[in-house]
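Let me begin by presenting the structure, written as structure tokens, before commenting on it.
Quick note: the coordinates plus some simple rules give every number you see, no bench work behind them. These numbers were taken from a predicted model, which means no experiment stands behind them. Positions of Cβ are backbone-derived with ideal geometry, glycine not excepted, and every protein chain shown enters the neighbour counts.
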Ligand SMILES: [Zn+2]
Ligand SMILES: [Zn+2]
């Protein structure tokens, strides 16, 4: 299709999103005012589903056995791509929407509503997939393992941040809870009869710190003590620490995990405690589809948004979009909402500020414009698919040793 026609559609979708911006901002603020943590996002999911249902999307909930996951589908009945816009909406314990997921869900829902009402040439299927528990629990991993991304051609979402970036990566990551079982005793009159589980936790921290010299630069290991005993005069019978381990790839992560688990086992041996390990789901590294990212970037530039370069070394976290990006073409760009860093009280404030809400509206526009490209630019979707197939093939070829 001619570029001028594609641009006409984009101008129309921009107006449509401006038209629903006030309602979208109210929706984002409503979710912001009642933060719900992983797997407890009942009201947030319901708030996002309501306008989609009213607009005629077919709603499925629960999804993949997750009560707070959902899928909203608009099937045009015409042959074309299946495109999924992802909605996150979980908050952080004690900090509220300090990762701004209230803006992510609302941006994807707004883009979908505008596309259904104002993009007459849409062909294919448009999905909004509500993916709970990004912060803890890996909702997208569970949905991915249940096949919900198998028939999707392209997956997109936009995350708020201190900078607008299109191609920022994500580390592979896994959490582990080390549970140490010792033996209680009077800490002064009969310490010799006790086994300190807390000592095992402390040895674990010291041991993991000693490992850092032997990790590659991409590796991050960080932990907290989630139980350190109950009274100073009792030898702690139970203590617990939770760690997150990250590396550039799932393969690299495996080595880190092995070393950290060996340290915890050694710490248990040093103190005489018994160790149980509870491991979470593995978040895979993010593979940004460069072709799709290119289209998104051009649309953000068309909207007059300044785009910062993505970090090459360091400065990245992890997200369960990584697992999705290994199943189909995916992008996870960022929109600036202020000079604030995620997982801080300041970021939570920005996620409900005028700058945050304006960023959400821009994100919705970028998503909707890229959907238009996928439907109308005849070369884009084949190129996106081709890039993904080539990447997939390359991962199946054993690396040279
Ligand atoms: Zn976060
Ligand atoms: Zn986040």
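Restricting to bridges with both residues inside the chain, how much of the DSSP beta-bridge set is antiparallel, in percent to the nearest 5?
Antiparallel bridges make up about 70 percent of those DSSP assigns within the chain.
Applying 1/(1 + (r/R0)^6) with R0 = 22 Å to the Cβ-Cβ distance of residue 34 and residue 67, what FRET efficiency is obtained, to the nearest 0.05?
0.85
Give me the extension gain from residue 355 to residue 121: residue separation times 0.36 nm, minus the current Cα-Cα distance, reported in nm with one decimal.
Answer, rounded to one decimal: 81.0 nm.
In degrees from 0 to 90, rounded to the nearest 10, what is the angle of the helix 354-376 Cα long axis to the longest principal axis of the chain?
Between helix and principal axis, roughly 60 degrees.
Quote the relative contact order of the range 8-154 in percent (integer), defining contacts as alpha-carbon pairs under 8 Å separated by 6+ residues.
Over the range 8-154, the number comes to 30 percent.
Counting alpha carbon pairs within less than 8 Å and at least 6 residues apart, what relative contact order, in whole percent, applies to the range 172-279?
43
Could you tell me whether the range 1-91 comes out rounded, prolate or oblate from its Cα gyration tensor? Rule is a ≥ b ≥ c as square roots of the eigenvalues, rounded for a/c under 1.5, then prolate if a/b exceeds b/c, otherwise oblate.
It comes out oblate by the Cα gyration axes.
Please report Rg over Rh for the chain, where both radii come from the alpha carbon positions and Rh follows the Kirkwood definition. Don't skip to the end; give the middle numbers.
On the way: Rg = 23.2 Å, Rh = 22.4 Å.
Dividing the radius of gyration by the Kirkwood radius yields 1.04.
What percent antiparallel are the DSSP beta bridges of the range 63-178, to the nearest 5?
The antiparallel proportion sits near 45 percent.
With each label point set 7 Å from Cα along the Cα-Cβ vector, what nm distance links residue 186 and residue 19?
If labels sit at residue 186 and residue 19, their model points lie 7.9 nm apart.
So if each residue of separation counts as 0.36 nm, and I subtract the Cα-Cα distance between residue 394 and residue 232, what length gain in nm does that give?
Extra length from residue 394 to residue 232 when fully extended: 52.7 nm.
Over all pairs of distinct alpha carbons, what does the Kirkwood formula give as the hydrodynamic radius of the range 76-233, in Å?
20.2
Once both labels are modelled 7 Å past Cα along the beta-carbon direction, what's the residue 210-residue 346 spacing in nm?
Spacing of the two 7 Å Cα→Cβ label points: 3.8 nm.
Give the peptides 229-242, 162-175, 203-216 in descending order of average Cβ contacts within 10 Å, highest first.
Final packing ranking: 162-175, 229-242, 203-216.
Work out how much length residue 222 to residue 306 would gain on full extension: take 0.36 nm times their residue separation and subtract the Cα-Cα distance, in nm to one decimal.
26.9 nm
Rounded to the nearest 500 deg cm²/dmol, what is the calculated helix-only ellipticity per residue at 222 nm for the chain, with -39500 (n - 2.57) per DSSP H run of length n ≥ 4?
-14000 deg cm²/dmol
Treating only the Cα positions of the range 172-279 as identical point scatterers, give the base-10 log of I(q)/I(0) from the Debye formula at each q in 0.13, 0.19, 0.20, 0.22 Å⁻¹.
-0.47, -0.85, -0.92, -1.05
Helix 3-33 against the longest principal axis of the chain: what's the angle in degrees, Cα atoms only, rounded to the nearest 10?
40
Over the chain, what is the mean sequence separation of C-alpha contacts under 8 Å (at least six apart), divided by residue count, expressed as relative contact order in percent?
22
Using only the alpha-carbon atoms, how far is helix 197-211 inclined from the longest principal axis of the chain? Give it as 0 to 90 degrees, nearest 10.
60
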